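Shown next, in structure tokens, is the structure this report addresses.
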Amino acid sequence: MQGASTDVVRRAIDTADALPGGNGFAGEVDGRLVRDVLGRYPLFSEEDDPTTWSHDPTDLESPNPVPAGCARTITDEIGDDGNDDERLWDLPSPEPFEGEADAVSAIREAIEGSLGDVSGDGLAVAFSGGVDSAVVASAFDCPLYVAGFRDSHDVEAARTAADLMDRDLRIVEVSHEDIERAVPEVARAIGRTNAMDVQIALPLYLTAERARADGYDRLAVGQGADELFGGYEKVARADHRVEAETVRGAARETIRTLAEQLPRDILTLRAAGVEPVAPLLDDRVVREALRLPGSMLVSDDVRKWTFRRSARAFVPDEIATRDKKAVQYGSLVARELDRLARQAGYKRRMDDHVTKYVRSRLESADQ
């Protein structure tokens, strides 16, 4: 079992508690494969044989992910759909906060508790210079790492934020050669070749690779804050990109996408030789975030409003109020991967030309 102990998982099953404490779980318990409600750890079984399973899809011939919040019975008798899945947990719907001060205090205390439970042994921090990674970094006396092309937004933001926090920043300056080398390694590790997933994973992989080379075997990340606290424009606007018609509903919808995103990030980091640490995805933080009404997720067009207010207890105000770019754009990896694809003959007029380039790199590496 990865994450919470087997006893905690059994208790969560018995009580139908979707957030029993800790940072999620995935594995086998009492003849079933179980995965927590947010899908914070990857878990797969063979498509036609649920008795064969792994946390790593590359161990399997035809990996079939266990859905978040579900149990898959380990049996030789499988259903028509290739598995026997039972939903055990749903995302809780607690009563919302009424007062802003109470919300800020509760979020701050939940983050403090989560950060306080993380050991600093062998730990480094992936640091973009934004509020999420800065809050995580504030708790640990260890190096901060950022990956990006020279003069990229993320490198500059990380440099100025590290100066404000008086911290040691190690810059992983990315080159085209790094991207060409890492593309097949990342695509193989995550079991995906689509352009977006590979673009997101590449900076994380190169960051983790450098931290591992420097002797660190754990990497703390700020994953989850955007989903939990209303960090996306589509949530702020509750626009056509979401089905929900309210900000709070859009946030909950986005939280559910973590089950698809987090395996990519975890598998990327593990492929680089480090174990991920995600304090902002602790059950205590998730439980309080779910209590935020729309007006405390987004206020006066400020996304992650309550989180930013809470973050002032951990980081300078200038960092707490910063906007950030998505990692694939802030690092310039998306731009330069597109450039490499075009140089290799995959022109933009072609359908999904970057994905085609990624697949070609993977096929070449596997020959």
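The values are calculated or read from the model by the stated rules, or taken from the named source; none is laboratory data. Please read all numbers here as calculations on a predicted model, not as lab measurements. When we count neighbours, we look across all protein chains shown, and the Cβ atoms used for this are built from the backbone with ideal geometry, even at glycine. Heavy atoms of the whole protein, side chains included, go into the accessibility calculation; ligands, DNA and RNA do not. Shrake-Rupley method; radii C 1.70, N 1.55, O 1.52, S 1.80 Å.
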Discussion item. I'd like to know if the range 305-321 contains one or more residues that are touching an Asp or Glu at 6+ places or on another chain (Cβ under 7 Å) and open to solvent by less than 40 Å² (accessible area, probe 1.4 Å).
Written reply: no
Discussion item. For the range 158-185, give me each residue that is part of a helix (DSSP H, G or I) and either open to solvent by 20 Å² or more (accessible area, probe 1.4 Å) or at pLDDT below 95 (or both).
Written reply: Arg159, Thr160, Asp163, Leu164, Met165, His176, Glu177, Asp178, Glu180, Arg181, Glu185
Worksheet item: Say we look at the range 239-284 and pick out the residues that are of a type in the set (Ser, Thr, Tyr) and buried (at least 19 other Cβ atoms within 10 Å of the Cβ); which of these is farthest from Glu109 (Cα to Cα)?
Response: Thr268
Practice prompt. Please specify each residue of the range 114-157 satisfying the condition of being aliphatic (A, V, I, L, M), under 17 Å from Leu281 (Cα atoms) and either touching a helix residue (DSSP H, G or I) at 6+ places or on another chain (Cβ under 6 Å) or without any contact (Cβ under 8 Å) to a residue 40 or more places away in the chain (or both).
Written response: Leu115, Val118, Val125, Ala126, Val131, Ala134, Val135, Val136, Ala139
Discussion item. With the requirement that a residue be of a type in the set (Asp, Glu) and surrounded by fewer than 24 Cβ atoms within 10 Å (Cβ to Cβ), what does the range 133-157 give you?
Written reply: Asp141, Asp151, Glu156
Worksheet, complete the sentence: Going through (1) free of Cβ contacts under 8 Å to residues at least 60 places away in the same chain; (2) aliphatic (A, V, I, L, M); (3) open to solvent by less than 20 Å² (accessible area, probe 1.4 Å) one by one, Ile74 fails only at (3)
Worksheet, complete the sentence: Here the residues within the range 207-222 that are buried (at least 22 other Cβ atoms within 10 Å of the Cβ), of a type outside the set (Gly, Ala, Ser) and in contact with a Ser or Thr (Cβ under 9 Å, 6 or more places away or on another chain) are Leu219, Val221
Discussion item. Could you list, ordered by first residue, the pairs with Cβ atoms under 6 Å in which the first is in the range 194-213 and without any contact (Cβ under 8 Å) to a residue 60 or more places away in the chain and the second is among the polar types (S, T, N, Q), at least 6 apart or interchain?
Written reply: none
Worksheet item: From Ala139, Ala189, Ala124, which residue is outside any helix (DSSP H, G or I) and either within 17 Å of the chain's Cα centre (by Cα) or closer than 30 Å to Thr58 by Cα (or both)?
Response: Ala124
Worksheet item: If we scan the range 199-212, do we find a residue that is more than 20 Å from Ile266 (Cβ to Cβ) and part of a helix (DSSP H, G or I)?
Response: no
Fill in: Of all residues making up the range 323-355, the number that are surrounded by fewer than 18 Cβ atoms within 10 Å (Cβ to Cβ) and under 25 Å from the mean Cα position of the chain (by Cα)
7
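For (1) of a type in the set (A, V, I, L, M); (2) in contact with a Gly (Cβ under 9 Å, 6 or more places away or on another chain), each residue gets a yes or a no:
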residue	(1), (2)
Ala101	yes, no
Ala139	yes, yes
Phe149	no, no
Arg167	no, no
